[in-house]
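Worksheet for the structure shown next.
Taken together, the values in this text are just the output of simple stated rules run on the coordinates, not laboratory data. Everything numeric here is computed off the predicted structure, so don't read it as measured data. A quick note on method: Cβ atoms are made from the backbone with ideal geometry, for glycine too, and the neighbour counts reach across all protein chains shown.
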Ligand code: ADP
Ligand code: MG
């Protein structure tokens, strides 16, 4: 199909738009060597290590328990892992293992019971709501399992929203929103309201919205869960293209082998613990 071959180029085209928050560094091996040489001139080993090694995400000893009316539920029971800049990690595991809870914590939408989450060197566990909202705006795109589109906004307005929330306005934003809607296969649904869209279409609008401001880190909960194989393939290509062309760090909860097979690493949860990493 013409659509799927043209599809990856849309992000590339949109990438030259020149708006949105600062781009994640696309570090070539050569640039990295240069960076190391420069940093070596600092004569400060600790600083060197920090600059080169600061992971995009560091999760340490993370737990989440919830007290219900009758008993305490230990949803996450001590999770540790790092995600490096530009990595593509799939979070897998059976239903109820804690995947969505973990992703919500990484996005700062929920607070851990104990443990730490460090995003790009910044501990988010101590931030208040306003600080977290600002950091999220700069660093994180999030795609929920339920799409959370605003019912009073059209598809295009929903996609534009994060751009406008971070201070953007004007025709460039509108142009990118249109390109993104095209790239998720919805060029003719721009003016539709969420109720006028199917579940799969709403999911694709939510993805386009998450890509709008080119977040350095994209977290998505089963982004292809409700899509047929053709649209699933489109979304897969969009995600891979974001990761490879724009250096976006991807952390995706998924059951879809088409997606998890393309990840650089798979972290498997069971009963609130990491049982394997490969
Ligand atoms: P997954 O996404 O892997 O299916 P979740 O993170 O949604 O798992 O949930 C993990 C476990 O925590 C499930 O057993 C779920 O029922 C429980 N859980 C999640 N949120 C709550 C809550 N607010 N109150 C009580 N139990 C919850
Ligand atoms: Mg879930």
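Gain in length, residue 146 to residue 61, computed as 0.36 nm per residue apart minus the alpha-carbon separation, to one decimal in nm?
Using 0.36 nm per residue and subtracting the Cα-Cα distance, I get 27.8 nm.
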**Report entry** Sorted by Cβ neighbour density within 10 Å, fewest at the top, the residues 268, 159
**Finding:** 268, 159
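Quick check: residue separation of residue 73 and residue 175 times 0.36 nm, minus the Cα distance between them. What number comes out in nm? Walk me through the numbers on the way to the answer.
Values: separation 102, 0.36 × 102 = 36.72 nm, distance 4.63 nm.
This chain segment gains 32.1 nm when fully extended.
With the cut-off at 1.5 for a/c, could you classify segment 44-170 from its C-alpha gyration tensor as rounded, prolate or oblate?
On the way: a/c = 1.85, a/b = 1.09, b/c = 1.70.
Judged from the Cα gyration tensor, segment 44-170 comes out oblate (a/c at least 1.5, b/c at or above a/b).
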Query raised in the report: What FRET efficiency comes out for the pair residue 123/residue 164, r = Cβ-Cβ distance, R0 = 30 Å, nearest 0.05?
Result: 0.55
Query raised in the report: Between residue 130 and residue 153, what FRET efficiency follows from the Cβ-Cβ distance if R0 is 35 Å, with the result rounded to 0.05?
Result: 0.90
Query raised in the report: What number, in percent, do you get for the relative contact order of segment 173-231 if the mean sequence gap of Cα pairs under 8 Å and at least 6 apart is divided by its residue count?
Result: 39 percent
